[in-house]
Each structure stands twice: as C-alpha cells, then as structure tokens.
Amino acid sequence: MPGVFIMKDDMMTKEDEQYMCRALDLAERGGGFVHPNPLVGAVVVKEGRVIGEGWHARHGAPHAERNALEDCREDPRGATMYVTLEPCCHAGKTPPCADALVKAGVARVVVALEDPNPLVAGKGIRRLREAGVDVVTGVGEERAREQNRVFLKYIVTRRPWVTLKVAMTLDGKIATRSGDSRWITGEAARAMVHEERGRHMAVVVGVGTAIADDPLLTARVANGTVRQPARVVVDSLARLPVNGRIARTARLHETFVMHAPGAPADRLEVLRAAGVTCRACAGEGGRVDVADLCRQLGEEGDDSLLLEGGAELNYSFLSARLVDEALFFIAPRIAGGAAAKGPVGGEGAEWMRDALEVTGTRVSRVGEDILVRGRIKYNDDVHGNY
C-alpha cells in the first residue's frame, strides 16, 4: 500500500514520507536478484535536494546505503539518508553500513523498518545514535513490511515464503475433463506468472503436472533480465521422464526431484545422470512430507517458493499450513464437467466454517483475466508478525 505510513517517532515530516516513498520504489529494483537478502532502497537528501540514490541490486553486492553514498554528487556530510531497512552493523559479504554512514558524516537517518535479523535487531540504530546521528524510525513501515514479507518470514523461521499460484476458469476448473489446460489465461497473465517465477527462488510442481503438461518452468520475460528459479518436482517414486523438458534442461537450470525414501534406485540413477539433483524427504505411505521439503529448501537458502500445482500438491501444502499467499488468475471461460479438476484436491473442508480464509485480498485486471491476491489465514496464526 504505497500511500500508507505509520509514524513511530514524533519527528516525521511530510518530506520524510515523500523521500521514503522514493526509497521504497528504488528497493523494488532488486526484486528477484537479492535473495535471501532483503529489498532495500536508500535516498540521500541535503538542503532539500536529492544528492544520491541507491538500492541493493544483487546478493553479495554492496548494500543500498553504500550505493547511495557512492552516488552522491556532493559531500553527504550533514545530509539525511532515507533507508527502507535498518542499516546493518555487522560484516558479512559487505562491511557494516552503519559505520559507513557515520564515517560519511550523515547527520540524520530515517528508517522504515527495523531489521529482525538477530545480527542487527536494533544494533544498527543503536550504533548510529551512539555516534550522534539523529535516527527516526517507522516512516513507511507498513509498505516496507509488505515489500519484505519474504525476508521477514525467512530470517525469523528459516522457512520459505510459499505463494500458491492458480490459473482457473470462471467455474473453478484448472483443466478440461480430458486434462487439457493450455491455455486457460491470456498472454498478459502468463507474462505476469513468468515475472513471479523470477521473483521466487524456486518453482514447485508435482510429478503429475510435470508429466501431463511437460512444462519448462523457467522465467521468460520479453524485456530485461530475470533470475532463473530452481525447478522442484515433488516426485515420490522418481517418475519424472528423462525425455521431458524439465530433465532435458537440467544441466542448464537447477533442477530437483524431491522423492520419498523408497524411490527406486535405478530411477534415481537415471535422473542423476541427466543432471537432476535427487533428494529424499521424510514421509509416510510412500508420499513426500512437504513440510520436510520446505525445511530442506529453507536450509539451502531458498527463501521463496512459487507453487504451481496440481490439485493434490496444492492440498498437501494447504493442509500442512505451509502456504502464505494465494495468487489466483481467473479467466472468463466456463469449462464445465463434473470430472474436470479444481485447483485444490484432497478431502477438503467438511463445513464452510472450516474453509481457509484469504485476507487482505486485492483484485485487479490482467488483460482479460481477473487476479485475486491475498494472504492465507490459519486458525493458529501461523504467520506471526510478517
């Protein structure tokens, strides 16, 4: 919500709102490239003039604050820096940003969101204040929290943010009775899905979808560059065809088959020979435990997953309370058919009061299709404060 600001400190001004909006806009430019780091933007203002801007552009590259200082067209001494996340105070892949601000002589720092990372968690702000820098917090916090929802969950739980993406007809079908699903939505919606893939660390499908649709699961955009996600196939018995597009391109794009412990050794050997990384997950009854799958991917540094079905896998993630966000594209088509599948399988809710609620919904047009986006609400508030 770009126009919403929360004030924590009494010294916030209208100019603070304006410049923080710009910093938040800049932060978006790192989308898809900074994982598992946060999106951060920074603006340096001196005597009412913007003298430098920066954003965190890529994981391992300099942070937004240092880029903004480097961009300054004049001495930043005595200036105000607007930054969307608390400056770090520890050395990682880059030196501490709080020290850089002190050294540059910045007089005032306006921060949107305090960093929950235990290595920071207020220490960056304390370092600045101890050096005599005036620090204001909470300007643009609500938008900054939404912008960095993936980072905020991952840094606290080490589990990936899971987005459930569905393309369905007006009557709730993800395929016709024959299984045909190309194409439900129009070009604009499909282009947006490719952008979403590029903003997630991995795309997850079930082996049934991989066999039926033979997808490539890469991110393909018309203009600009995009980071390719890992492709993850949930495949209990390692049935992924080696002549399918996923396995054939496994040496070009990182590809995982997450299988049950009892998967046939000969099938695993064939897939590994094709370049597929095969990993066993915990599970019962020959099925993959999707919670263990998320745990393993989170430990690998995958902070975000785009779940692209099918119906049974969607239900597995939802019933395990692993889905954070729903992204439903609804096409103005009616497929009909009692045998045609809907987006979520499994047993489902017995009573409507038990149906999962989607909150904070936003509805928009994407070409001729409708996009409904919102958060999944669980009774035990599994999401916490992110």
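Per-residue extension of 0.36 nm, minus the Cα-Cα distance of Val358 and Glu195, leaves a gain of 56.4 nm for this segment. Rounded to the nearest 20 debye, the dipole magnitude of region 272-364 is 380 debye, with +1 charges on Lys and Arg beta carbons, -1 on Asp and Glu beta carbons, and the Cα centre as origin. Ligands, DNA and RNA excluded, the heavy atoms of Glu114 present near 80 Å² of accessible surface to a 1.4 Å solvent probe. Using a cut-off of 32 Å between Cα atoms, the listed pairs Lys341/Lys377; Lys46/Lys153; Lys14/Lys103 include Lys46/Lys153 as exceeding that distance. Taking every DSSP bridge with both residues inside the chain, close to 40 percent are antiparallel. Average accessible surface for region 274-386: 53 Å² per residue, computed with a 1.4 Å probe over protein heavy atoms with every protein chain in place. Which one of Ala335, Leu306, Met258 has its Cα pushed farthest toward the positive end of the charge dipole of region 248-339, where Lys and Arg give +1 and Asp and Glu give -1 at the Cβ? Highest projection toward the positive end goes to Ala335.
Relative to the compact-globule estimate of 2.2 N^0.38 Å, the Cα radius of gyration of region 103-189 comes out at 1.84. The HN-Hα couplings worked out from phi for region 178-189 by the Karplus form 6.51 cos²θ - 1.76 cosθ + 1.60 (θ = phi - 60°) are 8, x, 6, 9, 10, 10, 6, 9, x, 4, 5, 5 Hz, whole numbers, x standing for Gly and Pro. Dipole of the chain (Lys/Arg Cβ +1, Asp/Glu Cβ -1, origin at the Cα centre): which of Ala167, Gly346, Val242 lies farthest to the positive side? Toward the positive end, the furthest listed residue is Val242. The charge dipole of the chain, taken about its Cα centre with unit charges on the Cβ of Lys, Arg, Asp and Glu (plus for the first two, minus for the last two), comes to roughly 740 debye.
At the residue level, His200 shows approximately 10 square angstrom of accessible surface with a 1.4 angstrom probe and all protein chains present. Restricting the calculation to Cα atoms, region 151-270 shows an Rg/Rh of 0.98 when the hydrodynamic-style radius is the Kirkwood one. The dipole here belongs to region 109-167: it is taken about the Cα centre, uses +1 on the Cβ of Lys and Arg and -1 on the Cβ of Asp and Glu, and is about 360 debye. Residues whose amide H falls under 5 Å from that of Ser304, counting only those 5 or more places apart or on a different chain, are Trp161, Met201, Ala202, with hydrogens built in the peptide plane. Between Ala320 and Lys377, the C-beta separation translates, for a Förster distance of 22 Å, into a calculated FRET efficiency of about 0.90. Excluding ligands, DNA and RNA, the accessible surface per residue across region 13-160 is 40 Å² with a 1.4 Å probe. Amide H contacts under 5 Å for Val109: Met81, Asp134, Val135, Val136, restricted to partners 5 or more places along the chain or on a different chain, H placed in the peptide plane at 1.01 Å from N. What residue among Gly124, Gly224, Asn37 has its Cα farthest toward the positive end of the dipole of the chain, where the charges are +1 on Lys, Arg and -1 on Asp, Glu, each on the Cβ? Toward the positive end, the furthest listed residue is Gly224. Within the accessible surface of region 126-279, defined with a 1.4 Å probe on protein heavy atoms only, the carbon and sulfur portion equals 49 percent.
What the Cα atoms of the chain give is an Rg and a Dmax of 22.9, 70 Å.
The values are calculated or read from the model by the stated rules, or taken from the named source; none is laboratory data. All figures in this text were calculated on a predicted structure; none of them were measured in a lab. Counting neighbours? That spans all protein chains shown, and the Cβs are built from the backbone with ideal geometry, glycine included. These area figures cover heavy atoms from the full protein model, side chains too; ligands, DNA and RNA do not enter into them. Shrake-Rupley method; radii C 1.70, N 1.55, O 1.52, S 1.80 Å.
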